[in-house]
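The values are calculated or read from the model by the stated rules, or taken from the named source; none is laboratory data. Values in this document were obtained by computation on a predicted structure and should not be read as measured data. Reconstructed Cβ throughout: ideal geometry from the backbone, glycine too, with neighbour counts over all protein chains shown. The accessibility values were calculated without ligands, DNA or RNA, using every heavy atom of the protein model including side chains. Shrake-Rupley method; radii C 1.70, N 1.55, O 1.52, S 1.80 Å.
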Amino acid sequence: MSIKTDLTRMWFTRSLSPFVFTNEYDEKLDFEDCTQLGLYVHIPFCRSICNFCPYCKEIYSEEKLDRYIDALIKEIHMVGSTLRGKKTVTSLYFGGGTPALAASRIGEIIDALSDHFEITEGIGLELHPDNVTSDILRQLKAAGVTRISIGVQSFLDKYVGVLGRAAVDAKAMNAALAEVPFETVSMDLIFALPGQTIDDLKADIDKAFETGANHVAVYPFIDFTFTSSPVKAMAKRRKRALMDAMTEYFEEKGYYRSSIWTFSTGEEAKYSSMTRENFLGFGCSATTLLRDCFKVNTFSTKEYIARIDGGKLPTSLTTRFRKRQRMVYYLFWTAYSTRVGLREFEEFFGVPLKKMYGLEIFLAKVLGYITEENGIITLTKKGAFYFHYYENYYTLSYIDKMWGLMRKEAFPDGMEL
């Protein structure tokens, strides 16, 4: 399966060399001059573990959570104290796990970050449906959270069981969201489940907006090798038909498309952790993307705390980009938003996109994958599907391999992708 991703990597990087990750780590992160910098904080604790979820997580206890957050705040100050003044950043995003389990301490984390960073575009946080209560929402809003994402996955009973989840109390959720409003309320749904039809998806999409969402993310089910989910991946042809029909339904309803998987009531309803030129990650398994490198923190909460208490950053693996490798990374995640700006690319890399990838852009237009207008390259519906199709290979070839290793070893010697 990795042949497709390997050949694509070699073509776009113009090199046979893989992405090489080593166990080296920097004592200081060089991010002060980075533009469009985002912040990510990982809270890995959950009350129960979903069998389909690939992310770094473990069973919650109040004692473990408190020790972890103490270390997290230390990491924030270790990184932020290297700045000469406050750094302006675009946004802050809390992922997990279930970050809302730390609702009473989210304010402390935001305060620590605010000592070093000025956040200009809002603060987002993920919640399990069980966390959507007026008390928890009030705590989060008081702490400064402006955007929330609720991991519904499905409102339909027939898929709740498949995913190992409890039924969602949509009425109670709607009441809590009406009582404590947020700038963006996003709800995550899953598509490409066994036997799923467009009518099933339409029912979930409509229910999400009726329940209080102004932004919906519909992610494909991916069968990671290290998860215990019994669900099998849907065949390509059926998945494309479902994705196309889903996209058409959103368009018919007048929703705005903000990425491959996300649609909202308007452009102002924003929620994404993916499309950042650069970002700093705090917490176990968090990643950091800078101009010339990509870093991943250890997946072990125990070793994460030990490394921080020892006064060292918790980086587990690092890759140093060559220029074209960084371009591939930039284009892959920027295209996730379905749009790539020619001017923004040139400002970031100092060279025109068409000079580097003119042939690829020409062929993509001929094949109907993209259009170009006013300096913006936009994925067509066909292009969006094939982006997803490639992303699925990328995920299973690269992310699955890396996360599979890091779940077993806190600090691997290295790896190649």
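Starting from the eigenvalues of the Cα gyration tensor, five times each then square-rooted, give me the equivalent ellipsoid semi-axes of the chain, largest first, whole Å.
29, 29, 21
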For region 124-177, give the percent of accessible area contributed by carbon and sulfur heavy atoms, probe 1.4 Å, rounded to a whole number. 52
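Give me Rg/Rg_expected for region 283-417, where Rg uses Cα atoms only and Rg_expected = 2.2 N^0.38 Å with N residues. Mind showing how you got there, number by number?
Details: Rg = 17.9 Å, N = 135, 2.2 N^0.38 = 14.2 Å.
Taking N as the residue count of region 283-417, the ratio is 1.26.
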Which three lengths, in whole Å and largest first, does region 64-212 cover when its Cα atoms are put on their principal axes? 55, 28, 26
Run down the aspartates and glutamates and flag those whose C-alpha is under 15 Å from the C-alpha of Lys365, throwing out any fewer than 8 positions away in its chain. Glu373
In the chain, which longest range has no trypsin sites (Lys or Arg not before Pro) that are both DSSP loop (not H, G, I, E or B) and surrounded by at most 16 other Cβ atoms within 10 Å? 87-231
Which distance in Å, rounded to a whole number, links the C-alpha centroids of region 244-294 and region 1-35? 22
Length-normalised contact order for the chain - Cα pairs under 8 Å, 6+ apart - percent: 20
Which value, in Å³ per residue, describes the convex hull spanned by the Cα atoms of region 227-343? 181
Compactness ratio of region 118-162: Cα Rg over 2.2 N^0.38 Å, N = residue count? 1.44
Net charge within 13 Å of Thr82 by Cβ-Cβ distance, Lys/Arg positive one each and Asp/Glu negative one each, not counting Thr82 itself? -3
For the chain, Cys with no neighbouring Cys Cβ under 4.7 Å: Cys34, Cys46, Cys56, Cys284, Cys293
In debye, nearest 20, what is the charge dipole magnitude of the chain about its Cα centre with +1 on Lys and Arg Cβ and -1 on Asp and Glu Cβ, if you could check? 1300
Show Asp111, Asp244 ordered by accessible area, largest first, where the area counts protein heavy atoms only and the probe is 1.4 Å. Asp111, Asp244
Are any of the pairs Lys323/Lys382; Lys57/Lys141; Lys4/Lys295; Lys270/Lys408 more than 26 Å apart by Cα-Cα distance, and if so, which? Lys323/Lys382; Lys270/Lys408
Rounded to one decimal in nm, the spacing of the 7 Å Cα→Cβ label points at Asp199 and Lys236 is 2.9
Stretch gain in nm, segment Lys408-Glu372, where the contour uses 0.36 nm per residue and the Cα spacing is subtracted: 8.5 nm
Under a crude label model (7 Å from the Cα following the beta-carbon direction), how far is Asp169 from Asp135 in nanometres? 1.2
Can you tally the net charge around Asp400? Count Lys and Arg as +1, Asp and Glu as -1, for every other residue whose Cβ sits under 15 Å from the Cβ of Asp400. 0
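Just the number please: accessible area per residue for the chain, 1.4 Å probe, all protein chains included, in Å².
Working: 18120 Å² over 417 residues.
That works out to 43 Å² for each residue.
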Compactness of region 1-114 - radius of gyration and Dmax, Cα, Å: 18.2, 50
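Which sequence of Tyr386, Tyr249, Tyr357 reflects their accessible areas, 1.4 Å probe, from the largest down?
Of Tyr386, Tyr249, Tyr357, the descending order of accessible area is Tyr386, Tyr249, Tyr357.
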Pairs of alpha carbons in region 47-134 whose separation is greater than 22 Å (percent): 33
Work out the FRET efficiency for Asp115 and Glu347 from their Cβ-Cβ distance, taking R0 = 30 Å, and round it to the nearest 0.05. 0.50
For Lys202, list the aspartates and glutamates whose Cα falls under 16 Å from its own Cα; do not include residues on the same chain fewer than 8 positions away. Asp157, Asp188, Glu210, Asp244, Glu248, Glu251, Glu252
Can you show me the helix-derived [θ] at 222 nm for the chain, built from DSSP H runs with n ≥ 4 at -39,500 (n - 2.57) apiece and divided by the number of residues, rounded to the nearest 500. -12500 deg cm²/dmol
